[in-house]
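Everything below concerns the one structure shown next.
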Number of protein chains: 2
Amino acid sequence: MQNPNFNFTILSKDRTSAARAGILHTPHGDVPTPIFMPVGTLANVKTLSPADLSDAHAHIVLGNTYHLRQHPGVDIVSEAGGLSKFMGWAGPTLTDSGGFQVFSLSNTRKVTEEGVEFRSVYDGSLVNFTPETVLGFEQAIGADMIVALDECPPFPAEYNDVERAVELTARWADRFMKSWRQSNSERDSYQAAFLVVQGGVYSDLRKRSVEQMATLDPPGFCIGGVSVGEPQEEMIKAASICCDVLPDEKPRHLLGVGTPHDILAGIEAGVDMFDCVMPTRNGRNCQVFTSQGVVNLRNSRWSRDQNSLDEQCTCYTCRTFSLSYLHHLAVTGEILGMRLLSLHNITFYLSLVKAARCAILSSNYNSWRRKIELDWETGT
Amino acid sequence: MQNPNFNFTILSKDRTSAARAGILHTPHGDVPTPIFMPVGTLANVKTLSPADLSDAHAHIVLGNTYHLRQHPGVDIVSEAGGLSKFMGWAGPTLTDSGGFQVFSLSNTRKVTEEGVEFRSVYDGSLVNFTPETVLGFEQAIGADMIVALDECPPFPAEYNDVERAVELTARWADRFMKSWRQSNSERDSYQAAFLVVQGGVYSDLRKRSVEQMATLDPPGFCIGGVSVGEPQEEMIKAASICCDVLPDEKPRHLLGVGTPHDILAGIEAGVDMFDCVMPTRNGRNCQVFTSQGVVNLRNSRWSRDQNSLDEQCTCYTCRTFSLSYLHHLAVTGEILGMRLLSLHNITFYLSLVKAARCAILSSNYNSWRRKIELDWETGT
């Protein structure tokens, strides 16, 4: 029997690739897949309002447990009624475990069987993350989907180190699921647990990790240990190996990925969900993604150009302003520029996954992908 | 006969003060007065989009000739079809002369009969502002209302220095009007010239300056040489002296003013138009104006407060977010916080002048003002 609070329906599979189109049913609403999730690290997608996110056709927003635990603190999010209510976003949310930040931000950390101890980047205070404490933080934050604590090795990493991380992540996942199963039923609102597959660039470890996680039968899976510096082909290979052996009927989230090319390759490999800071971070740095390729708004070639940024885009930025004006905001460092370009980039990413979904539903994903990527390369 | 392109209609005068309510008819639309004009120094009101300005019920936006001359350059604004089109704002605009910036930003400047020579704060280049070159810049920028070059003495300043500035400003105004009368008819769209009254805190100089400017019969007047560090009572006294002798039927703009209290006092003195960076600058610094007084969002007293910022406000910020969330954005320095608080402050200023206008139309301005100022003092 399907869970009435959370389930995943595959509507169509592409005949030319492993891509699939589906719907994720969550307590805060339905999400079409494949989907891109804007990153709202500190309970806001940088520079953008919830109304902007709706205008950009965002369906779900990601929050970060590591950061929210410190600012504003999980109690304050909980008192507000959870992440969605706190940030004024009516749709679904997902929190990652903060594990990636523990392993990427904190220089001093001690990994034990119990968990990981580290110093906060905010105030240097000593923090303990265990599968159980992280679950507690995520329950207080109250997102629709929550991710288990994992150990994320860097790239490159030795086989033995990655194997150790795979095994530890499996034991942590088991503990996370036990606590989750005990406590989830007592909550007013359901939260779907996602377990993280590790294994780096080692195919056998990826497969082993998938098997370990699948045994625990979670509502969803994340593919972790990517976007840590490995070449794109390694990342897509890892995603592909995982997707090949992951249970078909469960959603798959490729953590922290990526460029528009990465996302199209991930979809082809069978990934359903993506998140990345790239559209907002690059937007704040005046680099935008368009149907004709990447554009740097600081470039003086745009100073007198009266055309819109992207004629194929329907976002507020493209409907309202000229390249000349956006260039002016970019070179003067005006906040409005960061905001308008972030809005465009988020809209671009959401439009991209929407178009990918249409192509899957028409079962011509690969030919659609070749065409759109050709436009990016030959456009500007 | 009234100018069909630009005229000012007084609808009602308050019986308890010198306040007046009117309508300013401009080529880009009508503006109810008294009005507050958000400052869009570099062709944008910092952090806010034109759609935000419309939501805040802004009617007119101010641009700055000193800054626009450098970024993006007046030719680029001109090529875009003028300031309104360049910045995506459909309503009326006004440019100040940049004189205030010459006298406040540039340390090295040389004032001569011809004009003022100074070094740009942007690149140190030598720039000449004369009544005629400033007119040229403002014609290229293409706002509906343009302000003549004046000499703005600091506060405090000796009588003789202020007198010299009054006389020079009068001769510059005469030259500005001559050039304007010669060239304005050749333009596709009409621009209304505003002359600036100087005189500092010296009543006789203020009156003399008004007489000099009134003789030149411009479409509108600015009261300048205020907001330069003088006490509030001196500023209001200067505005009041000017309004008493300015031609009744012409609009009056009090340059660079001010706090909500200043604006209410200015309206009482008979001022029709105000501009100030305060609502956006303070918004970026997390200080907001509310119906219950000034609030600093960084204060930890708001960290768990689920109420909205201002229950009497209908702006997007107040409709959507809690004080707790706004406090979180404030202490983490998120751009979205600067933006939401700027939007609220601009909405507050626009709502304030709208309410003032209603009170004038009901001829009970002074009792309305006493009540609203009491709320500010006793509220929080």
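Give the residue from B:S363, B:G337, B:Q312 lying farthest towards the positive end of the charge dipole for the range B:285-378; charges sit on Cβ (+1 for Lys and Arg, -1 for Asp and Glu) and the dipole is referred to the Cα centre. The Cα lying farthest towards the positive end belongs to B:S363. Of all chain B residues, the closest to the B-onto-A rotation axis by Cβ, with that distance in whole Å, is B:I335, 3. When Rg and the Kirkwood Rh are both derived from Cα coordinates, the Rg/Rh ratio for the range A:164-265 amounts to 0.99. Placing a label point 7 Å from Cα along the Cα-to-Cβ direction at A:G136 gives distances to the equivalent points in the other copies of 7.2 nm, listed shortest first.
For chain A, the 222 nm mean residue ellipticity estimated from helices alone, with every DSSP H stretch of n ≥ 4 adding -39500 (n - 2.57) and the total spread over all residues, rounds to -13500 deg cm²/dmol.
Sorted fewest first by neighbouring Cβ atoms within 10 angstrom, A:Y325, A:Y202, B:Y190 come out as B:Y190, A:Y202, A:Y325. The orientation-averaged projection of the convex hull spanning the C-alpha atoms of the range B:285-378 amounts to 5.8 square nanometres. Contact order for the range B:234-304, expressed relative to its length and based on alpha carbon pairs under 8 Å spaced 6+ residues apart, stands at 25 percent. Working note: Debye formula, equal point scatterers on the alpha-carbon atoms of the range B:236-280, no solvent; log10 I(q)/I(0) at q = 0.15, 0.16, 0.18, 0.29 Å⁻¹ is -0.33, -0.37, -0.47, -1.07. With R₀ set to 35 Å, the beta-carbon distance separating A:V245 from A:S367 gives a calculated FRET efficiency near 0.80. When the Cα positions of B:F155, B:G136, B:F100 are compared along the charge dipole of the range B:81-187, B:G136 comes out farthest toward the positive end, with charges on each C-beta of Lys, Arg, Asp and Glu. Rounded to the nearest 20, the Cβ-based charge dipole of the range A:18-113 about its Cα centre (Lys and Arg +1, Asp and Glu -1) stands at 260 debye.
A DSSP coil position with no more than 11 other Cβ atoms inside 10 Å describes the following GluC sites (Glu not before Pro) in the range A:277-380: A:E311. Summary for A:Y122: label point 7 Å along Cα→Cβ; distances to the equivalent points in the other copies, ascending, 4.0 nm. Between A:E167, A:E132, A:E79, the residue with the greatest mean-square fluctuation in the GNM of chain A (Cα pairs under 10 Å linked by springs) is A:E79.
The GNM of chain A, with springs linking C-alpha atoms under 10 angstrom apart, assigns the highest mean-square fluctuation among A:R208, A:R175, A:R370 to A:R370. Helix screen, chain A: DSSP H segments with Cα axial length of 30 Å or more and mean Kyte-Doolittle hydropathy at least 0.5 are A:335-361. A straight line joining the Cα centroids of the range B:305-356 and the range A:4-53 runs 30 Å. A convex hull fitted to the Cα coordinates of the range B:200-321 yields 126 cubic angstrom per residue.
Here the Gaussian network model covers chain A, with springs between Cα atoms less than 10 Å apart; of A:F348, A:F155, A:F274, A:F155 fluctuates the most. In terms of its alpha-carbon gyration tensor, chain B comes out prolate; a/c meets the 1.5 threshold, and the first ratio a/b outweighs b/c. Placing +1 on each Lys and Arg Cβ and -1 on each Asp and Glu Cβ, with no other charges, gives the protein assembly as shown a dipole about its Cα centre of roughly 500 debye. Evaluated at q = 0.07 Å⁻¹, the base-10 log of the normalised Debye intensity for the protein assembly as shown, with identical point scatterers placed on the Cα atoms, takes the values -0.59. Computed about the Cα centre, the dipole magnitude for chain A is approximately 780 debye when only Lys and Arg (+1) and Asp and Glu (-1) carry charge, each at its Cβ. Lacking any other cysteine beta-carbon closer than 4.7 Å, the following Cys residues of chain A have no compatible partner: A:C152, A:C222, A:C242, A:C243, A:C276, A:C286, A:C315, A:C358. B:R171 label point (Cα plus 7 Å toward Cβ) to equivalent points in the other copies: 9.0 nm, shortest first.
Since every read-out is calculated from the coordinates, none of them should be taken as a lab result. Remember, predicted model here, so these are calculated numbers, not experimental data. Here Cβ is always computed from backbone atoms with ideal geometry, including for glycine, and neighbour counts include all displayed protein chains.
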